[in-house]
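None of the figures in this text is laboratory data; all of them are computed from the coordinates on show. Note that the structure is predicted; figures quoted are calculated from it, not measured. Cβ sites come from the backbone with ideal geometry, for glycine too, and all protein chains shown count toward neighbours.
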Amino acid sequence: MNIQSKPGSLFVTPAALRTILLTILLGLLLTLSIAKVRAQAEPFIEGGHYELLDQVQPVQTGDKIEVVEMFWYRCPHCFRLEPYIVEWRKNMPENAQYVPIPALLGPQWKFHARVYYTFEVLGVVEQLHGKLFSSIHVQKLKIDSVDKLADWAAENGVDRQSVIDAFSSFAVENKLNFANVMTRKYGISGVPSIIVDGRYRTNVTYAGSYEKLMEVIDFLIEKAAQARANNPAN
């Protein structure tokens, strides 16, 4: 490079200037190329399709990657997501485990959170969970008391008194407290929200559609598995 200098001044020849500009251009092209490769390697991006939790939360699933769905029975978006979740669970990654948690974002949410945990204590989630969504959003039933819930459950093959007993049980109360704590720790502001392995948070808005959300979940499961492999102590 031919750079001529005088005391107190610097003169760059045209040839040297072209070399400098070419070097800068090549650097920019290299940067863009690396960014493009990264975009191709990761189809979903942090801050666009998902976000990191402020603090990694413990999971309930041991060696399995935990996929939490925070939901509310009265939420129409949760109702629309349900068939996608059902289909996804049929072929979900073998290293993952699905964990529904009813969200508690207001006093009026507590009743239906207690309903879900009543189903869980009685072992009838698979039997009643989807049916309750349909009863609320399709049949427009107003199930807002333990008596109405017990009557509805009896119509769907579950002993009425067992529902009443479980609804106010110590076991359900403990689960309700857990749901309340995790709603705050996950930092969600609406439902449905998906939390993958206590690390990543996403939802339909971030993903762009219900279908795409399922793809984001699978992507985050892989990402969480890599994070575990790189940080086995965590």
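With loop membership from DSSP and a limit of 13 other Cβ atoms within 10 Å, the longest segment of the chain without trypsin sites (Lys or Arg not before Pro) is 1-139. The H on the amide N of Ser193, modeled in the peptide plane, is under 5 Å from the matching H of Met70, each at least 5 residues off or on a different chain.
For mean projected area of the Cα convex hull in nm², the value computed from the atomic coordinates appears in the list (1) 11.8; (2) 14.4; (3) 19.6 under label (3).
Length gained on full extension, Lys140 to Arg160: 5.1 nm, using 0.36 nm per residue less the C-alpha separation.
Would you kindly state how much longer the chain becomes between Tyr210 and Glu87 on full extension, computed as 0.36 nm times their sequence separation minus their alpha carbon distance, in nm to one decimal? Working shown, then result.
Numbers: separation 123, 0.36 × 123 = 44.28 nm, distance 1.18 nm.
Gain in length upon complete extension: 43.1 nm.
Under 5 Å from the amide H of Val99 lie the amide H atoms of Val67, Val68, Glu69, each residue being 5 or more positions distant or on a separate chain, with H modelled from the backbone and absent for Pro and chain starts.
Which of the DSSP-defined H helices in the chain satisfy a minimum axial length of 27 Å, computed from C-alpha atoms, and a minimum mean Kyte-Doolittle hydropathy of 1.0? Numbers along the way, then the final one.
On the way: long enough: 14-41 (40 Å, 1.41); 210-230 (30 Å, -0.09).
Sorted by number, the helices that extend far enough and score high enough are 14-41.
Extension gain for Ile24-Gln226 works out to 69.2 nm (0.36 nm per residue, less the C-alpha to C-alpha distance).
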